[in-house]
């Protein structure tokens with residue numbers, strides 16, 4: 001059961017061999033003589049999306065190895081990522097030990113938190129299969145999961161087709177050619193805009209800036225539809241350096257009205273310190289206060305010193321500096337106020353809302369208080385709920401699909 | 001970015017003028033006072049040119065009557081040197097400026113462990129302090145300018161190319177990675193010791209780091225190419241090196257891994273099959289003597305992966321070390337929350353130049369980290385260890401430490417000889 005890739009093979013293999021049907025078969029056999037049997041259901045399907053990565057699950061599965069090797073125990077890894085451990089005559093304490101090890105792997109996930117009152121444990125459920133009641137409950141749960149898996153298998157087949165469509169991963173061997181194409185391709189028509197909006201309590205809105213960016217998806221369509229740009233984060237970063245140069249090139253040739261509407265662009269730190277940026281600066285001239293330069297937090301971490309120089313020289317010349325790529329989770333691990341940027345862009349995700357954990361919310365509230373609520377921009381806002389969530393925390397600057405629609409409405413003179 | 005710098009290149013900076021002025025002040029320092037207003041601590045949006053100009057403008061009446069001299073520094077700080085009898089007027093002006101920024105945390109949070117808004121000096125009594133401060137400011141500005149300029153300059157790029165070779169490009173990276181799969185790298189593996197150092201500078205070996213020497217790799221496989229020129233391509237290369245290192249560590253006959261050891265691994269590698277194979281092949285007891293070094297770049301590219309990997313490693317019994325932290329990084333990151341067992345702070349003379357503020361902040365950090373070990377790495381002279389000791393750091397690594405070990409070895413050898421002679 002602990003084979004590599006068992007989670008994925010179970011979905012692609014014929015359904016009769018699925019982990020779920022094996023589990024049902026096993027339960028049926030146990031039913032006639034259930035003495036000593038019990039099942040432990042580990043609800044990994046309830047993890048947050050970013051913790052449900054296949055290699056996480058594989059490693060979690062392996063934590064059960066010691067138990068499986070020396071005992072009468074079987075682990076089923078189900079399609080929805082849940083694990084089921086079926087044991088016979090094993091001490092509960094021994095099982096606890098491995099389960100705790102698996103739980104520790106996800107200690108940052110709300111699912112793994114143990115309620116102090118001891119009533120609820122969302123991570124695992126125990127079933128004593130020798131009790132008729134427990135057996136019936138667990139059997140019906142397993143049957144339900146089996147049905148669910150059948151549907152998931154169909155979806156997985158579609159997903160794997162999509163995965164193949166993503167294409168060949170970015171590699172050093174194809175990078176150089178792509179980079180050449182990127183430097184010579186027509187690009188001006190691929191520049192898109194997204195509005196960052198200040199939402200006032202009365203329902204009024206005001207444009208903070210419009211972010212100008214080149215959609216990687218569109219570039220991929222144009223020069224390399226068979227390549228997966230996002231497979232390797234470092235090589236992707238390498239490509240963005242070229243992309244920066246192209247974007248600055250196009251913007252430098254653009255006639256800026258005087259004064260023009262505030263814009264923002266996302267750049268590598270190395271680009272800010274380059275000649276291409278000097279050229280752009282000459283075009284922007286006196287209007288630098290209308291330009292916001294966004295930099296990625298990864299880039300900041302890779303070289304905080306260069307970031308410091310870039311930030312100081314930008315701010316001295318009147319530009320405003322924004323740190324992009326933050327999310328509420330990362331804010332728990334570092335203090336962005338030390339970066340002395342003008343803005344911090346924090347990505348919204350629906351997990352924030354479902355979370356409902358007071359601790360996390362108060363942590364976010366603290367960060368917002370310490371950086372100043374006028375510095376925070378909530379990005380990737382795609383629903384009205386996200387705006388409400390932000391407003392409740394004192395945030396008033398927003399960006400995202402939902403905001404683009406909102407900006408159109410405001411632009412046409414209507415109130416919200 | 002270099003535009004303004006170029007324009008100013010031939011003009012003396014305010015920092016240099018101030019230094020010059022303080023030197024001349026020495027002869028008539030008896031009746032002068034100095035106030036240093038720390039506007040550099042303001043939030044960026046309060047630190048715009050017009051704000052600083054407005055603040056400085058308040059001193060105009062005193063300056064035009066020649067009762068004082070004002071310097072507005074690059075970092076927005078204001079230094080005002082004035083005649084003793086104008087202390088009341090100056091105090092009023094500083095109060096006025098404080099009002100200007102009354103909504104900024106610099107003013108609102110003053111006192112609670114924060115540096116104050118203004119520092120007052122008596123030119124006579126505090127002359128050495130003032131001189132030291134001004135020298136630091138001038139040096140910092142000079143360094144800042146040279147670094148910014150070095151980045152801009154085509155000349156600097158050319159110089160780097162001549163000294164370090166052609167910058168790495170994707171094609172070279174592809175060839176290099178292909179070559180690495182076949183090459184025997186065991187002769188490129190180096191070992192450097194991490195030691196605790198006592199007050200007599202006698203080192204005790206705590207553990208050793210195993211690494212593939214990039215310098216030697218360059219010389220043997222890719223002469224004339226600067227493999228570290230592009231940060232992202234280099235990161236990609238390290239993933240290949242990780243896998244080679246792991247396979248060497250698995251085949252213990254290729255390199256010796258005695259004692260407690262540490263080595264660098266990318267998070268992506270930890271979550272890969274190669275690492276699982278490595279882990280399967282070493283005994284549980286051995287894991288306890290291994291320290292996995294992670295790079296800070298790796299952390300925020302996928303925080304969820306980091307958290308998972310750290311739990312996995314610590315669960316298995318490995319210890320986790322966060323490598324390559326600069327002063328800025330160590331101040332930013334919440335190491336406690338990240339749950340690392342150790343971290344490495346990279347030595348840089350800037351740490352000393354940073355003065356009391358840096359010293360205090362680092363001492364506090366080291367104290368707070370308590371049981372989590374801080375290693376000062378890349379110590380190439382005694383100053384590094386002296387500084388580290390003064391902020392409470394106990395572990396050191398680098399060329400200087402290697403020298404200490406060699407010296408200690410010689411000392412012990414001599415001692416043994418001496419004993420033998422005495423016995424005879």
How many residues of the range B:272-300 are part of a strand (DSSP E or B), more than 18 Å from residue A:56 (Cβ to Cβ) and within 14 Å of another protein chain (Cβ to nearest Cβ)? The answer is 1
| query | Is at least one residue of the range B:180-203 within 14 Å of chain A (Cβ to nearest Cβ), surrounded by fewer than 19 Cβ atoms within 10 Å (Cβ to Cβ) and either modelled with pLDDT under 80 or more than 25 Å from the chain's Cα centre (by Cα) (or both)? | reply | yes
Note on the range B:217-232: residues touching a strand residue (DSSP E or B) at 6+ places or on another chain (Cβ under 8 Å), surrounded by fewer than 19 Cβ atoms within 10 Å (Cβ to Cβ) and away from chain A (no Cβ under 14 Å) are B:224, B:226
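Does residue B:235 satisfy the criteria of being buried (at least 19 other Cβ atoms within 10 Å of the Cβ), on the phi < 0 side of the Ramachandran plot and in the same structural domain as residue B:178 (by TED's automatic domain parsing)? Give the steps one after another, and end with the answer.
Working: buried (at least 19 other Cβ atoms within 10 Å of the Cβ): yes; on the phi < 0 side of the Ramachandran plot: yes; in the same structural domain as residue B:178 (by TED's automatic domain parsing): yes.
Criteria met by residue B:235.
Residue by residue through the range B:95-116, note down the ones that are buried (at least 20 other Cβ atoms within 10 Å of the Cβ) and modelled with pLDDT of 90 or more. Steps first, answer last, please.
Taking the range B:95-116 and keeping what is buried (at least 20 other Cβ atoms within 10 Å of the Cβ), we get B:97, B:101, B:104, B:106.
Listed by number, the list holds a single entry, B:97.
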inquiry  = Take the conditions crowded, with 20+ Cβ neighbours inside 10 Å, in contact (Cβ under 8 Å) with a residue 12 or more places away in the chain and at negative phi and apply them to residue A:123. Does it pass?
reply    = yes
- Query: In the range A:154-169, is there at least one residue being in contact (Cβ under 8 Å) with a residue 12 or more places away in the chain, buried (at least 16 other Cβ atoms within 10 Å of the Cβ) and not assigned by TED's automatic domain parsing to the domain that holds residue A:407?
  - Reply: yes
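Go through the residues of the range B:253-264 one by one and say whether even a single one is at negative phi, in a loop (DSSP other than H, G, I, E, B), within 14 Å of another protein chain (Cβ to nearest Cβ) and in contact (Cβ under 8 Å) with a residue 60 or more places away in the chain.
If we filter the range B:253-264 for residues that are at negative phi, which is where we start, we get B:253-258, B:260-264.
Applying the additional criterion that residues be in a loop (DSSP other than H, G, I, E, B) yields B:253-258, B:260.
From what is left, the residues that are within 14 Å of another protein chain (Cβ to nearest Cβ) are none.
No, the conditions are met nowhere in the range B:253-264.
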Apart from one, (1) part of a strand (DSSP E or B); (2) within 22 Å of the chain's Cα centre (by Cα) all hold for residue B:215; the odd one out is (1)
Inset, instruction - Check whether at least one residue in the range A:96-104 is surrounded by fewer than 17 Cβ atoms within 10 Å (Cβ to Cβ), under 23 Å from the mean Cα position of the chain (by Cα) and outside any helix (DSSP H, G or I), and report yes or no. - result: no
Here the residues within the range B:306-320 that are closer than 22 Å to residue B:244 by Cα and facing chain A (nearest Cβ under 8 Å) are B:312
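Can we say residue B:287 is surrounded by 19 or more Cβ atoms within 10 Å (Cβ to Cβ) and either in contact (Cβ under 8 Å) with a residue 60 or more places away in the chain or within 22 Å of residue B:322 (Cβ to Cβ) (or both)? Walk me through how you get there before you give the answer.
Details: surrounded by 19 or more Cβ atoms within 10 Å (Cβ to Cβ): no; either in contact (Cβ under 8 Å) with a residue 60 or more places away in the chain or within 22 Å of residue B:322 (Cβ to Cβ) (or both): yes.
Against the criterion (surrounded by 19 or more Cβ atoms within 10 Å (Cβ to Cβ) and either in contact (Cβ under 8 Å) with a residue 60 or more places away in the chain or within 22 Å of residue B:322 (Cβ to Cβ) (or both)), residue B:287 does not qualify.
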Q) Do we have residue A:142 as touching a helix residue (DSSP H, G or I) at 6+ places or on another chain (Cβ under 8 Å), more than 27 Å from residue A:25 (Cα to Cα) and either more than 14 Å from chain B (Cβ to nearest Cβ) or surrounded by fewer than 16 Cβ atoms within 10 Å (Cβ to Cβ) (or both) here? A) no
Of the candidates A:338, A:346, the one satisfying the condition of being under 26 Å from the mean Cα position of the chain (by Cα) and either away from chain B (no Cβ under 11 Å) or surrounded by 23 or more Cβ atoms within 10 Å (Cβ to Cβ) (or both) is A:346
Apart from one, (1) under 24 Å from the mean Cα position of the chain (by Cα); (2) within 9 Å of another protein chain (Cβ to nearest Cβ); (3) touching a residue at least 40 places away in the same chain (Cβ under 8 Å) all hold for residue A:390; the odd one out is (2)
Next item on the list: Might you check whether a residue that is under 30 Å from residue A:339 (Cβ atoms), in contact with a strand residue (DSSP E or B) (Cβ under 6 Å, 6 or more places away or on another chain), without any contact (Cβ under 8 Å) to a residue 24 or more places away in the chain and assigned by TED's automatic domain parsing to the domain that holds residue B:136 occurs anywhere in the range B:51-63?
Entry: yes
query: When you look at residue A:330, is it farther than 20 Å from residue B:45 by Cβ, in a helix (DSSP H, G or I) and more than 7 Å from every other protein chain (Cβ to nearest Cβ), yes or no?
result: no
When residue A:305 is run through (1) assigned to a helix (DSSP H, G or I); (2) more than 8 Å from every other protein chain (Cβ to nearest Cβ), the failure sits at (2)
Restricting the range A:337-363 to residues that are in a loop (DSSP other than H, G, I, E, B) and within 23 Å of residue A:382 (Cα to Cα), the one modelled with the highest pLDDT turns out to be A:348
The residue that is farthest from residue B:74 (Cα to Cα), considering only those in the range B:36-63 that are outside any helix (DSSP H, G or I) and within 10 Å of chain A (Cβ to nearest Cβ), is B:43
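The values are calculated or read from the model by the stated rules, or taken from the named source; none is laboratory data. A quick note: this is a predicted structure, and the numbers were derived from the prediction, not measured. Glycine gets a Cβ as well: all are built from the backbone with ideal geometry, and neighbour counts include every protein chain shown.
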